[in-house]
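Please read the structure below before turning to the comments.
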């Protein structure tokens, strides 16, 4: 196979294998040195692709690598700019694979994963121009898009310097922050402002969450997100989202069936054997699900939950990200994203559903109930005390009221009464 149909896959700066293919047909082969170091069956790149001596060529390969790429209009725009078809994951990875979610880098043969000076300092006006122009990009000629992150919303990945300035992550440079401007057209008002509030509320309630702040870039407000998959020293931390872990296509991010076993049950069954303490992992997950239920997050699908995969194979639940009270801002946003004990609509899920879902994961029913109730109590207190702009101040009363409804055994209200 020609070199242009082959890409090197790096993890934490070390080559671990080779990606081959074109379009929708991809295969992956772990290097012999990787197999010797970690051993067959080890978890390194993905729960869905354990280390193997055999070439992997099933749908899990396309689903994992395609899951590193953006979706929707953003993907279409980048494909068009590079003369590619939108489904061509291999071609898009050749362009965008130098800096992906987690610790993965995908590069043409011979390219180094780290290029000195690849982060190009940007002036304030250059940053503002880039953010204001999204979902397209108004870039200087020498600013090529070589970084990728999954998702539908338009965003730009930048590198923060120690002096507080921004830099453009050229090929091989580590992006450290995500900047998402308020969508130019959205059915959900105040989406990013409410996301910032929700993530701060999650952190205040004791649930790990991405660190964010709101900032104006010229005429557009944006949310600036510290990447949790980047260490303080700028190194990459590996992660994958639930679709990748379960070998699901990105477009299947919403669970479409309520038949058991639930998608979350399958995820727990796959991840638990690789956790340091499987009981802690289950409790962490039920707290995260309880939070999304309490705030009315109608976008809590499988690409908005992720796992941290440490070197050596240990798996942890990643901090919350991309969470917002969408149902409370837009009534039709009632999809829980995942089936919870057979129920997939936020308006019908109760505490008992959470408990039964936890039982399906292997939790003791008393443990599941105590964990969910304690989380709801903490969420209610945190929401009541989390500052919000005037137009969203109702969340400080509504979210605690929803948590109380759930604690009392009922469904959570959609509006203040």
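Structure values in brief
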| item | result |
| --- | --- |
| Choice from 406, 232, 346 with maximal GNM fluctuation in the chain (Cα, 10 Å cutoff) | 232 |
| GNM flexibility winner over the chain from 292, 334, 385 (Cα, springs under 10 Å) | 385 |
| Cα gyration tensor, the stretch 267-317 - rounded (a/c under 1.5), prolate or oblate | prolate |
| Linear extension gain, residue 136 paired with residue 226, 0.36 nm per residue minus alpha-carbon span | 30.2 nm |
| Cα shape, the stretch 239-407, gyration tensor, a/c 1.5 rule | prolate |
| Point-to-point label distance, residue 81-residue 112, nm (Cα→Cβ direction, 7 Å offset) | 2.6 nm |
| Whether the stretch 3-107 is rounded, prolate or oblate, judged on the alpha carbon gyration tensor where a/c under 1.5 counts as rounded | prolate |
| Footprinting exposure proxy for 282, 310 (fewest neighbouring C-beta atoms within 10 Å first) | 310, 282 |
| Alpha carbon centroid spacing (whole Å) that separates the stretch 343-363 from the stretch 51-128 | 37 Å |
| Calculated [θ] (222 nm, deg cm²/dmol) that DSSP helices of n ≥ 4 give over the chain, each run adding -39,500 (n - 2.57) | -9500 deg cm²/dmol |
| Top of 214, 392, 11 by mean-square fluctuation, Gaussian network on the chain, Cα under 10 Å | 392 |
| Mean separation of Cα contacts under 8 Å, 6 or more apart, over the residue count of the chain: relative contact order % | 14 percent |
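FYI, it's all coordinate maths here, none of it is from the lab. The structure presented is a predicted model; accordingly, all values stated were derived computationally and were not measured. Virtual Cβ from ideal backbone geometry, glycine too; neighbours counted across all protein chains shown.
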